[in-house]
Every structure is written in structure tokens, then in C-alpha cells.
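K.L.:
Provided herewith is a single structure, encoded as C-alpha cells, for subsequent inquiry.
The values are calculated or read from the model by the stated rules, or taken from the named source; none is laboratory data. Everything numeric in this text was worked out from a predicted model, so none of it was measured. Here Cβ is always computed from backbone atoms with ideal geometry, including for glycine, and neighbour counts include all displayed protein chains. All accessible areas refer to the heavy atoms of the entire protein, side chains included, with ligands and DNA or RNA removed. Shrake-Rupley method; radii C 1.70, N 1.55, O 1.52, S 1.80 Å.
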Amino acid sequence: MLKAVILIGGPQKGTRFRPLSFEVPKPLFPVAGVPMIQHHIESCAQVPGMQEILLIGFYQPDESLTQFLEAAQQEFNLPVRYLQEFAPLGTGGGLYHFRDQILAGSPEAFFVLNADVCSDFPLNAMLDAHRCQPHPFLLLGTTANRTQSLNYGCIVENPETHEVLHYVEKPSTFISDIINCGIYLFSPEALKPLRDVFQRNQQDRQLCLALGEDSPGLWPGAGTIRLEQDVFSALAGQGQIYVHLTDGIWSQIKSAGSALYASRLYLSRYQFTHPERLAKHTPGGPRIRGNVYIHPTAKVAPSAVLGPNVSIGKGVTVGEGVRLRESIVLHGATLQEHTCVLHSIVGWGSTVGRWARVEGTPNDPNPNDPRARMDSESLFKDGKLLPAITILGCRVRIPAEVLILNSIVLPHKELSRSFTNQIIL
């Protein structure tokens with residue numbers, strides 16, 4: 001018997017995802033036509049022996065989350081439940097707080113997946129490695145170049161046994177080109193080190209109070225546990241943590257630009273996993289170039305040209321002569337005749353007028369470096385907005401014959417002219 005836990009965070013996270021995260025919790029943002037965490041759930045459901053999938057986070061269980069859970073249970077015929085933290089508890093605090101729920105039924109092991117990663121999720125391969133050589137912690141790792149490795153948790157492994165000898169989260173100098181993917185397989189014994197961290201935090205808190213120091217900034221609470229710093233770094237080299245390396249697709253989804261890149265990876269993977277989700281060129285239909293997802297309820301004019309890497313959501317209207325490339329068009333949006341949308345995300349219910357052009361600048365990994373990863377850097381430098389994809393928030397109206405370039409438009413804005421490299425408040 002197996003279980004899976006997906007860590008979905010909370011509204012205090014995902015600030016780099018705004019304004020898109022204003023309308024829907026970030027884990028439910030559509031990537032390649034389905035909610036971000038549906039890719040996780042699909043992969044978990046395909047593992048033989050999977051009995052339950054738990055979502056742990058700090059979001060209020062609103063209507064969108066409740067509907068998603070109900071739909072997921074019906075589609076995958078598995079219990080999919082949401083466990084809400086009483087406060088943000090870090091990447092490990094929720095696991096310890098809900099340990100009884102996780103261990104109910106005595107699972108052999110349980111997967112732990114961060115919601116904000118895109119991957120082909122080689123869970124069966126991880127399970128085989130764990131059963132061949134059982135240990136409390138198994139981490140999924142991949143490679144990055146020397147510069148970008150500093151942005152991730154870095155792993156030094158024994159190349160023969162794959163034991164993690166050293167682990168540093170976002171080091172200041174180069175440690176290793178093996179990085180943490182945020183996908184794990186834990187045995188039930190893995191919760192014991194989390195208990196030790198919890199007890200140590202309690203003792204530190206009591207000592208702090210005894211000394212008359214009660215700063216929430218210094219002591220966020222005994223329940224807050226950081227898997228990476230409090231557990232992995234502490235236990236590395238003690239024979240408890242091992243790494244399973246993958247050369248499959250993997251990327252973080254920290255910003256809107258990285259969501260667009262993740263959509264490309266998933267759409268490409270659909271050729272093998274879900275070919276029925278990819279649009280096909282048919283007589284009298286729009287021209288399809290490359291991998292394109294079109295929701296069945298969308299209305300697309302036959303003279304439109306779509307792709308590559310395009311995702312069109314529920315109830316979208318695409319007019320005659322529209323050109324769409326490397327973009328996501330969300331629920332209920334309207335692209336009027338002869339608009340051009342490139343490297344952009346068009347928000348829910350937004351309208352782009354006739355002959356308007358909405359364009360962004362891609363920030364993709366270096367195609368000449370096989371170990372290059374997607375950068376999720378700041379949007380600003382020296383007080384100026386850096387060139388990036390264009391984002392139209394919810395219910396934005398773009399008039400006819402204007403250009404919106406490398407800009408972010410906040411929700412409910414009705415523009416009257418062109419903008420370049422700006423945030424439109």
C-alpha cells in the first residue's frame with residue numbers, strides 16, 4: 001500500500017505568480033490545459049498500489065478547490081483529500097502535523113511532491129529503487145549547470161551507492177551540479193527525524209520565553225519544519241538519505257514565465273501520454289502548428305493559426321485571422337479578428353481587440369546547454385521592469401490596433417493606448 005502527499009503551499013506564497021494567482025490558487029492554475037497539480041495526481045494514480053492522495057497546504061478550501069477535489073476523485077477513482085494547516089508550517093511541518101493521516105492504514109511508503117514543479121514524475125522508477133535498497137529518504141535529483149545550481153538545493157552523492165553525503169540549500173558557492181527536484185519517496189521511519197526537529201524547536205521556544213525573548217520573526221513556531229535545511233542537511237552522510245537521478249523533463253514553476261515553459265514541456269509529453277488532448281489539423285478547422293491544446297468548448301475560427309505551444313481554455317473565442325504562438329489563453333477570453341498573441345498569458349474573461357498585438361519576451365533555458373534550467377529571477381532590475389512574457393490579468397480589455405509589449409496588466413483594466421515594458425495598475 002502506498003500514499004502520496006502533494007505540498008500546495010498557501011496564499012502567502014506564489015507572489016511571483018501575480019496577478020494570475022489573484023483569481024485562482026496557484027496549484028490550480030491551468031498548465032497545458034489542466035490544473036497544475038492534476039499532472040501530479042495523474043502520475044500518482046498510475047503507481048500500482050496507490051491508495052490515497054493527500055493535499056497539504058494553507059489555502060482556505062474555497063469552491064474552486066472543492067470542485068477540483070471532487071472531480072479528481074471521480075476521474076481517478078482514488079480518495080483525494082485536502083488537509084489544511086492551521087498556520088504555514090514549512091515543507092516538513094505539514095507532514096509531521098498530519099502524520100496520523102499519512103500513516104493510517106500502514107503504508108509501505110509515501111511520495112511527497114511539491115506542487116510547483118513540472119516533471120514526467122518517474123515515480124515507479126523511484127519505487128523500484130526504494131524497494132531494491134530501502135532507506136528512510138529517497139530524493140529525486142537532476143543536473144543543472146554550475147551557475148544555476150546555486151538557485152537550488154545541491155546534492156553531493158556517493159556515485160557508487162547514491163547515498164547523499166552532503167546537502168546545501170541554495171549555496172553561495174558551487175557545491176554540486178546535482179540538484180533537488182522537490183519530489184521524494186519516504187518510508188514511515190522518515191517521520192522520526194521530523195519529530196526530533198519538532199521537539200528541538202519546542203525546547204528552543206521554551207528557552208527563548210525563559211530569557212524573555214519572544215520574537216515571532218526569530219521563532220516562527222515549533223511546528224514549522226524545513227525539510228531541506230532542518231532534515232536533509234542534518235542527516236546527509238548518515239546513511240539515511242539517497243538520491244535517484246533522472247534525465248527526464250523537470251522545471252520549477254515559480255513565475256508566469258516558467259508556467260508557459262512548463263506548458264510547452266507538458267504539451268510535448270502529451271504526444272506519448274495523452275495524444276487525445278492535442279489538437280489536430282482538420283479540413284475546415286484552424287491551422288495547427290506543433291503541440292496545441294484546445295478545450296472542447298472553445299470556438300476557434302477556421303482561418304486562425306495556432307501553435308506551437310498554445311493552450312486554449314474553456315469558453316474561449318478566437319476570431320478570424322488570429323495568430324497565437326507560445327501562449328496560454330484562459331477561461332472565457334476573447335481574441336477578436338486578426339489579433340496576434342505571442343509569448344503571453346491572456347487572463348480569464350479578457351478581450352483583445354481587432355488587429356491588436358500582445359507580445360512578450362521568452363526567458364527560456366539556453367537550448368545549447370542540456371543542463372540549463374528555467375530562471376525564475378526578479379521581474380525588476382534597477383527599478384525597471386525586465387523584458388519578460390506579457391500577462392493580462394482577469395477581465396482586461398485591450399482596444400483595437402494597439403501594442404502591449406513586455407508588460408503586466410492588472411485585473412479589470414480597460415486600456416486606451418499601447419504600452420511597452422510597464423506594469424499597468
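K.L.:
Which condition breaks for Gly290 when tested against (1) under 20 Å from the mean Cα position of the chain (by Cα); (2) closer than 21 Å to Gly360 by Cα?
P.N.:
(1)
K.L.:
Here's a follow-up. If you check Pro171 against the conditions, is it without any contact (Cβ under 8 Å) to a residue 40 or more places away in the chain and open to solvent by 70 Å² or more (accessible area, probe 1.4 Å)?
P.N.:
no
K.L.:
Could you tell me whether Arg325 is open to solvent by less than 60 Å² (accessible area, probe 1.4 Å), basic (Lys, Arg) and either in contact with a Gly (Cβ under 7 Å, 6 or more places away or on another chain) or at pLDDT below 95 (or both)?
P.N.:
no
K.L.:
Name, by its number, the condition in (1) under 27 Å from the mean Cα position of the chain (by Cα); (2) hydrophobic (A, V, I, L, M, F, W, C); (3) crowded, with 21+ Cβ neighbours inside 10 Å that does not hold for Leu342.
P.N.:
The one condition Leu342 does not meet is (3).
K.L.:
For Glu70, are the conditions met, namely being open to solvent by 60 Å² or more (accessible area, probe 1.4 Å), under 25 Å from Pro296 (Cα atoms) and among the charged types (D, E, K, R)?
P.N.:
So Glu70 passes the test.
K.L.:
Still on this structure, I have one more. Looking for whichever is hydrophobic (A, V, I, L, M, F, W, C) and under 30 Å from Glu85 (Cα atoms) here; the options are Ile241, Ile249, Ile288. Which one fits?
P.N.:
Every option except Ile241 fails the conditions.
K.L.:
With the structure loaded, tell me whether Ser43 is in contact (Cβ under 8 Å) with a residue 60 or more places away in the chain, assigned to a loop (DSSP other than H, G, I, E, B) and not basic (Lys, Arg) or whether it fails that test.
P.N.:
Considered against the rule, which asks whether it is in contact (Cβ under 8 Å) with a residue 60 or more places away in the chain, assigned to a loop (DSSP other than H, G, I, E, B) and not basic (Lys, Arg), Ser43 comes out as no.
K.L.:
Go through segment 340-371 and give me each residue that's at pLDDT below 80 and among the small types (Gly, Ala, Ser).
P.N.:
none
Yes/no per residue for (1) at pLDDT below 95; (2) open to solvent by 50 Å² or more (accessible area, probe 1.4 Å):
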| position | (1), (2) |
| --- | --- |
| Pro188 | no, no |
| Lys192 | yes, yes |
| Pro216 | yes, yes |
| His244 | no, no |
| Gln252 | yes, no |
| Gly257 | yes, no |
